[in-house]
Each structure stands twice: as C-alpha cells, then as structure tokens.
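Single-structure report; data block below.
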Amino acid sequence: MAAALQLNVRSFKPLQFLSESVTKHSPKQVAVQCSATSPSKSYTITLLPGDGIGPEVISVAKNVLEVAGSLEGIEFWFKEMPVGGAALDLTGVPLPEETLSTAKQSDAVLLGAIGGYKWDNNEKHLKPETGLLQLREGLQVFANLRPASVLPQLVDASTLKKEVAEGVDLMVVRELTGGIYFGKPRGFSTNENGEEIGFNTEVYAAYEIDRIARVAFETARKRRGKLCSVDKANVLEASMLWRKRVMAIASEYPDVELSHMYVDNAAMQLVRNPKQFDTIVTNNIFGDILSDEASMITGSIGMLPSASLGELGPGLFEPIHGSAPDIAGQDKANPLATVLSAAMLLKYGLGEEKAAQRIENAVLDTLNRGFRTGDICSAGNQLVGCKEMGEEVLKSIDTKIPAAVRDIFMLIKVQTASQGTYVIIFSSLFLKSQNCIINQKAFLRSSLFHESRPSFASPNLLFLTSINPRLSLIFLIYTKGKSGLMDDLPDQLVWEILDRIKKTIDRNSASLACKRLHELDNRQRKSLRVGCGLDPANEALMCLCNRFPNLIKVEITYSGWMSKLGKQLDDLGLLILSNNCLFLTDLTLSYCTFITDAGLSYLASCSKLSALKLNFTPRITGCGILSLVVGCKNLTVLHLIRCLNVSSVEWLEYLGKLEMLEELSIKNCRAIGEWDLIKLGSGWRKLKRLQFEVDANYRYMKVYDHLAVDRWQKWWVPCESMQELSLVNCIISPGRGLACILGKCKNLEKIHLDICVGLRDCDIICLAQKSSNLRSISLRVPSDFSLPVLVNNPLRLTDESLKAVAQNCSRLESVRLSFSDGEFPSFSSFTLNGILTLIQMCPIRELALDHVYSFNDIGMEALCSAQYLQTLELVRCQEISDEGLQLVSQFPQLCVLRLSKCLGVTDDGLKPLVGSYKLELLAVDDCPQISERGVQGAAKSVTFKQDLSWMY
Ligand SMILES: NC(=O)C1=CN([C@@H]2O[C@H](COP(=O)(O)OP(=O)(O)OC[C@H]3O[C@@H](n4cnc5c(N)ncnc54)[C@H](O)[C@@H]3O)[C@@H](O)[C@H]2O)C=CC1
Ligand SMILES: CC(C)CC(=O)C(=O)O
C-alpha cells in the first residue's frame, strides 16, 4: 500500500509533498525503536542492500534514518529484501516477486546498489541490472531527481578548477522508465550477411515526455527558474518528439526559462561551465550518463543521491553510484550518497522535511569537522572508512549546539559541555586557508560572534594556541557564568577533546600545557610505544605504567639499540607490565634481547592478553611460550619472528586444542619446520591468517622431515576460515603437508607463495577451484637452481596455473608474479599467453611483474584494454621497449607506474606522458637509460633514483 500520493503530475510541487502522517505497521515486522521522543508517526521502509558496497552504505543510512527519525518522533519499520545479484544467488532471479510486492506495500524504498563481476556474463534476464530495471518499472517511478551541488567543503575534491566548480548547484531530472533501456524491439539477431547483431530501440510516447517535462518545470520553478532540455534532436526521431512536447508543455510554465541543448554539447558544457545549468531534463540514457558526469564536478560519485518518484505508490531512493566491486567489502565506500538519499526519502517520499534537514545538516557538519572517505579526501582532512563516516554523521545529527555558533567558522568539533558552555575546536589549517587571523581580541569583538549570541556578552576565553606550534588544533573554550578555566569543564568534555587529538606528540604537548588535560590523558591513554629511551629501563617502565593505568596496547622495541644507550628492559620489566597493566591485551616485544622464558612466564598472568608479537627475542624457547599460552587462554594472535631458540612446539599443540587462534605468524624461526604446523590440529578451524616463512639461509642445513610431512595426508586440516595465507621458502610436497591446505581454503582472499619449492600446477589449480573469493595472488617462482629437495618433482609452474586462476577467481584484483632469477623468454614457465589470460579475464587493479622476461611490448598493448588497472609495477622486465612504454598513456585507469631496473626503456618511452598529468605517481628506480630530466612532468608526482650497482 502506498504511504501517500507522491506525484500529482499536473500540480507537482516537490517541496509540498507533505504526506499525511500515516500510522500503520505490519505485525510481521520487527520494530526498530529509538527513544529520544516517543514516536507519533510510523513508516514502513523496504531496504534493498543489493550487492558490492550496497549493504555497507545501506547499513549506515539505516542507522541515520533511525536516529534522525527518533529525534523527530518518527518510528520506522524496516523490511530488508534481496535484489540484484544477492537475489540471484538466493532465489535464481534478480527481482523476486516477494521483493517487489514488499516494496510496493511500503511507504518508501531505499536501495544500495546492484551488480558485480560474478554475474557480468549472465544472460540478460539473469543480470542484476535487469532486476533494478524491473523494480523501477514495477514501482512506476518515472521521474528520477538527481541533484548535484558542489559543497564548499568539497571544492578541492572536484576534478575541475576551483573557479569552475565553486557554486555549482544543478538538478538533473531523468526520465526513468522509458527510452532505450526499455524500448522494444531489442535483442540479438543476425543481419543479411549472417553477422551477429545486437539492437535496442529508443522510443518515447508523448504522454511519457509530457509527464517528465511537468516534473522538470515544477522543479525548475522551485529553484532558479531555468530549465535546459537535453536531447539529440538533430539525429534521433525520439528526440525530435521530445523537443516538440517539452516546448508544448512550456506554455504551462511561462515563468520558467526554457532552453534546449544537444547531449554531446551538454556533456562538454557540464565540464566547461557547469554553473550555467539550473535544472536539466533529459531521457533515461542521457540522464544516466550526464548525472554521473555531474557527480565528478561535485567531488565524487559517492556523494550524489537520487529520488525516483511516480504518480502513485512508494518512491525509490538510491545513490547514483553502482556497487563499486573494486572497493566492496573493504570499508572504503563513501556512504554519504546513500545517507543523502535517505534524506530525500524523508523529504520527497514521506514529507518529513525536518528530519530530512537534520540529515542534510549532519552531513555538512561531518564534512566541516574534516572527516572524509578516500574518494573525497584531501590534505588536512581525516581519512575514515565507511563505518566511521557513518558514526560521525550520527554524532552530528544529535548535536545541540546553536546553529549560529556553528556557522561562525568551520568547526572541527563543537560540543556542549554544560548549559551555556561551549568548546569550539578550530582546525588551524582551515583557518589559515580562510585567511582568518587568529587573534583572540579581534574574535571577541567580531560582530559575528556577538550577533549570533548576544548573551555571550563577556565570554571568558582560553586559548591553547601557544602550546606547541606543531599542534594542529586550536581550542577556544567559552564558558558562560563560569570562570572559563579548563578546570571548570566536565570530565567527559575534556576526555572528548583528548579523544580528538590522535598524534602522540600533540597529546604530550596538550597534557603538558594543562593539569586537567594531563590528568585525563593519563587515564585515557590506551597505547604506548617505547624503546631505547627507557632509561633506566625497568624504573622508567614502572613510572609509565603508574601514569597510564589503562593501557591496552604496549609495544617495546629496541631496534637500533647500542649498549651505550643503557641497559635493556629485562624479565623484571615484564613482571612490572603484568602487575601494573591490568588491561593489557596487545603486546609487541621487538629486539628485546635480554628477555628470557622467565619473563614470558610472568606474562602468563595477563589474563586479557589476546595478541603477542615477539620479533627477535633470541633467548626465549618453546618452554617459555608454553608457559605463556597455558596462562593466557584468550590468545588469538601470535607472531614469532626470528625467535631462534624456539624448537619444541608443545605450545602449538596446546593452542590448537584451545581453538582460539585467528592469526599465526612464524617467520625465520629456524627450528620450526613446515611439518610442525600439523600440531595445530583442530586449532586450524578458526585460523584466518597464517604466515610461515622459512629462513632461506638455513633451509638446507636442517633435515626436511619427510616422515612428519607424510602424516599430513592422514589428517584432515580444517582450514575453511583461512582468509590470508603467506608461505615463504617452504617446501610443498606433492599431495602432502602444506599442499593439503592449498586446496581447502574456500574463504581465501589473499595468497602469497614465495619461492615455495615443489609447488605444482595441480596445487594452484586446486587452490583456484576452491577459492572463488580470491582477490590477491602473489607468486614468486623459485629458480631452476633451487636445491631439488624433492628430486622427482617438477619445479615449474605453467600457464595452466594462471588460466585456472583466471577462470575461477572472478574477483581477483591484485596480481604479483616474480621469478627469483631472470627467466629468459624461451625458458619461461609463465608465457605471455598465461599472463594475458589473467589480464583479460579478471578485474585487475594492481599488477606487478618482476623478472618476467616473457612480458613484452605485446603485453603492454594488451594492458590498453585493462579497464580496472590502476597500478603497474615493472621490475627487470627487460623485453619492454620504448614502444611498449609509450602505450601507458592509453591505459584507461592507470594512475601509478613504477619502473625498476628496466634496461630497454629510455626517456623516449615516457614522452607521451610528459605534460599529460595522466599519472598520479611515476617512480623510476635504477633504470640506466632513463634520466632525471626525462621523468620531469611525466606525472603529478615523480620520484627518481639511479643506483646502477645492481648491473655490475
Ligand atoms: N544503481 C545501481 O545499482 C547501479 C549499478 N551499477 C552496477 O555496478 C557495477 C559497477 O559499475 P561501475 O560502472 O564500476 O560503476 P560504480 O558506480 O559502481 O563505480 C565507478 C567508480 O566509482 C567508485 N565509487 C562508486 N561508488 C562509490 C562510493 N560510494 N564511494 C567511493 N567510491 C565509489 C567505484 O569504486 C568505481 O571506481 C556494475 O555491475 C554496474 O552494472 C552501475 C551503476 C548504477
Ligand atoms: C545499473 C543500470 C540498471 C542503470 C544505471 O546505470 C543507473 O540507472 O544508474
């Protein structure tokens, strides 16, 4: 059932879409209640997370809706349904009937995004995109509003010059249920020559154009009164009719100034002078493309929301971006487009203007406070992931600071301390960029300050600017009716201030400047990194433990220690830690050469310890580790790096029985062999990350324990949880030992196999067949001169391995291939063909080739059609010449190129790049024929190094 009439096309007034408050809920659904105000209204929202980043951004937007709603007395009933690829996997169709009927019965629909590589080769009716088109058609949402405004906070994120981008504020009104996306006939056939053809039809009926035109005129009327209709009326009949009907409808809106533009010109004008546009109305396909283009003017496609409305029924609200499979699952997505779509849902779909406004303000406030996801990040801002951005928006929604105070300057943080008390923290960087002279008196006198809050007649201000010139923040503390001293501020507020200061150096400065900050910093400090500066070591550590009683993470590193620096921390130090750091969960000891098993046994009483990293603690033995693991039952992360005396592995067996371990790293511990890993037994079950590195210099001095490895065959290694596996200098026995796990890790995302002797095609084929989620593979192939430990075992991997990976791992985005010795083309195990198969079949973003002589100019030519490739690293690829290098300027997405020790390339190869600024970064190391002059201007940032000693 529809919540409210959305669109009366004849009298369309987008901002007056005030739905009658509808109080209804379905007993079947779960209520998500928020408590700030008792809810007076309730709405049912269908959530369609979809694929890729869809679920990540929807989860943020859902939280934002809940909080904004609760503050406005609105209750939401969310119903989550599958669509797109997720629905295909679940039900076999991209839009299940139940999803459509649930959507139709709700008050509004919020969609993430659909699509992904996995389904790219599906037949048309089984593509995720078909599901979205069916949804739009099913909901009859013909009018798609796509606003694109350049926010002052994001001008720097725009790819256009500041003077071109600044102030852009336009709205694309896109027709959404007609045109070439739906027109018939469509399909595949053969022409008169028997050749295969594909065809679609761009078709519009007059009524379809009339109704979208009215929406556009109404929208323009509410904005700056200018409407530009974009078509291709010089070529297409459908566009000719479009122009005719738009002109006819114009007579109903004499107050709106109408112009027409061909789409090719519009695409150009959008980047030449976007400010000329107010409202654009256009057909389905042109609107799709032009709004993506417009998004880049505003900084990122991750910022643009949209509302799709029909005459009846619920509206569909979605970000304009797609499922971004290249960043999916990495917490990198910008959720703001979806959050702003939720605001459009409140405004256009439910008529809840105030709640919508809250969300829009919160987004601006979050940007004001300097938080940025990667796509919009620039210098001086704080990079956050999708989740953290969502948390910051939530904080901003709930702020109680008067808008007038907020508007004075860009605030990094504003917080109510107690009634009438405000703390305002400015970013000095920002103030500098705004030419604000930081002058206490001038600020007090500023009319802005007084006019905004006349009652702030005689504020007491405390500036902490003089603390440290390197401090990146400036505090302004305003208190009303109080002394204005830091000592009067409530604890929680001072805690929050400290929370904002991330750099230890800033924290130290701030806490030196003010006793309160000092005291609170002591209580709040959670992590500590110390080393050679601890002198006398044990006493100094004792002082630090007393000062910071709440430490959870401690790193002690004596890298670079010399005896003249004082005595190192010893076992007593660990006793001090275990007695005084009651909350210690994460401990790293690096180069602590004085520590013995006795010290480790003290740590056994740290009941909360969950991560222990030992890096070169040469005196400890397996007994010490056993005593530790017996005491610390919560250990989930253990790193042993160059612990040369650890030979017995009972501790591994013990850990295995506990089944707690999630991350194990054993590197260069000479006395631990591949076969020892079996001792982990059922502990494999939870292991997500395993790094095992044999010390290459010692491998052949020890006896490879064939018998122990043979036993692996009989064992079932439950390694299904494994996500990251790294094996370096290991021996892979055919069908036994480590080979067993390669074909079993069905959740593997990252694999690094570095000089693993004995590795065969069948191992990689098994791995590829099992690990369809693989995103990153790094293979370093041992040379023919590696000691043939397994005499009958062929050492070479061939193209069969690469082909299996290409065929089975459709999400693979990072590939690194290297040979420990140069492989001459005639001997190469991986030929150009194998590498090309990978490039052609997988969405590779990072490619690194080291010593791969089979990769030549033909390979470079193939990269011209590598759609996703962003980073290319070529090391000792001697068959690449200038001709191949010149093709780099044609690689569609490349932004980082690293060349190292490549003999065949000269300055000429880089010439097409010079002045083009296509690349963000060019790094040239030790290439004898490339000069420092040759790299100048070949990328926005260039590094050059030339040490040719490697050649001699
Ligand atoms: N409405 C929808 O659900 C749409 C779905 N798609 C589907 O999405 C898949 C990927 O299509 P693409 O052409 O790559 O378009 P896309 O919009 O998914 O991604 C284009 C580029 O923008 C970036 N990007 C997109 N959204 C972002 C965000 N919120 N934060 C940060 N960066 C973001 C991506 O990382 C990528 O580099 C395809 O399967 C396509 O059919 C594409 C467009 C719309
Ligand atoms: C994914 C498609 C169905 C459409 C599209 O690209 C869009 O509407 O943004």
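Data for the structure
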| read-out | value |
| --- | --- |
| Integer Hz, Karplus 6.51/-1.76/1.60 couplings in order for the range 556-562, x for Gly and Pro | 10, 10, 9, 5, x, 6, 10 |
| Cα-centred dipole magnitude for the range 179-299, charges only on beta-carbon of K, R (+1) and D, E (-1), debye, nearest 20 | 620 |
| Above-threshold pairs, the threshold being 32 Å between Cα atoms, out of LYS553/LYS945; LYS567/LYS750; LYS657/LYS746 | LYS553/LYS945; LYS567/LYS750 |
| Estimated distance in nm for a label pair at GLN769 and TYR952, the labels positioned 7 Å out from Cα along Cα-to-Cβ | 5.3 |
| Hz values of 3J(HN,Hα) by residue in the range 91-99 - Karplus curve (6.51, -1.76, 1.60), Gly and Pro given as x | 10, x, 10, x, 9, x, 4, 5, 5 |
| TYR868 paired with MET268, simple spin-label distance in nm, labels 7 Å along Cα-to-beta-carbon | 3.5 |
| Fully extended contour minus Cα-Cα distance, from ASN747 to GLN807, at 0.36 nm per residue | 19.9 nm |
| Placed amide H near SER881: partners under 5 Å, 5+ positions off or other chain | ASP857 |
| Amide H partners (placed H, <5 Å) of SER820, local residues excluded | VAL781, SER783 |
| Sites ARG523 and GLU192 - FRET efficiency at Förster radius 60 Å, r taken between beta-carbons, to 0.05 | 0.10 |
| Among PRO185, VAL150, ALA113 the positive-end extreme of the charge dipole of the range 97-223 (Cβ point charges) | VAL150 |
| Residues whose placed amide H lies under 5 Å from that of GLN382, excluding near-sequence neighbours | PHE371, ARG372 |
| Kirkwood Rh and Cα Rg combined as Rg over Rh, evaluated for the range 179-299 | 1.04 |
| Rounded FRET efficiency, nearest 0.05, which uses the C-beta distance separating TYR207 from GLU257 and R0 of 30 Å | 0.75 |
| Segment GLU659-LYS553, length gained on full extension (0.36 nm per residue, minus Cα span) | 35.8 nm |
| Share of pairwise Cα separations in the range 805-952, more than 28 Å, in percent | 14 |
| Stretch gain in nm, segment VAL914-ASN200, where the contour uses 0.36 nm per residue and the Cα spacing is subtracted | 252.9 nm |
| Heavy-atom surface of the range 179-299, accessible at 1.4 Å and reported per residue (Å²) | 47 |
| The range 716-762-the range 338-357 distance, computed between alpha-carbon centres (Å) | 50 |
| With every protein chain in place, the range 179-299: carbon and sulfur % of accessible area (1.4 Å) | 55 |
| Cα gyration tensor shape for the range 253-362, rounded if a/c is under 1.5, else prolate or oblate | oblate |
| Cα gyration tensor category, rounded, prolate or oblate, for the range 827-889 with a/c compared to 1.5 | oblate |
| Separation in nanometres of the label points that stand 7 Å from Cα toward Cβ, at LYS184 and LYS633 | 6.8 |
| Phi-based couplings in Hz for the range 600-606 (Karplus 6.51, -1.76, 1.60; Gly and Pro marked x) | 4, 5, 5, 5, 4, 8, 7 |
| Tensor-based shape of the range 226-293 (alpha-carbon gyration tensor, a/c under 1.5 rounded, otherwise prolate or oblate) | oblate |
| Alpha carbon centroid spacing (whole Å) that separates the range 204-231 from the range 279-312 | 14 |
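The values are calculated or read from the model by the stated rules, or taken from the named source; none is laboratory data. Being a predicted model, the structure only gives us computed values, none of them experimental. Every residue, glycine among them, receives a Cβ derived from its backbone with ideal geometry; neighbour counts consider all protein chains shown. Remember, those area values only see protein heavy atoms, side chains included, never the ligands or the DNA or RNA. Shrake-Rupley method; radii C 1.70, N 1.55, O 1.52, S 1.80 Å.
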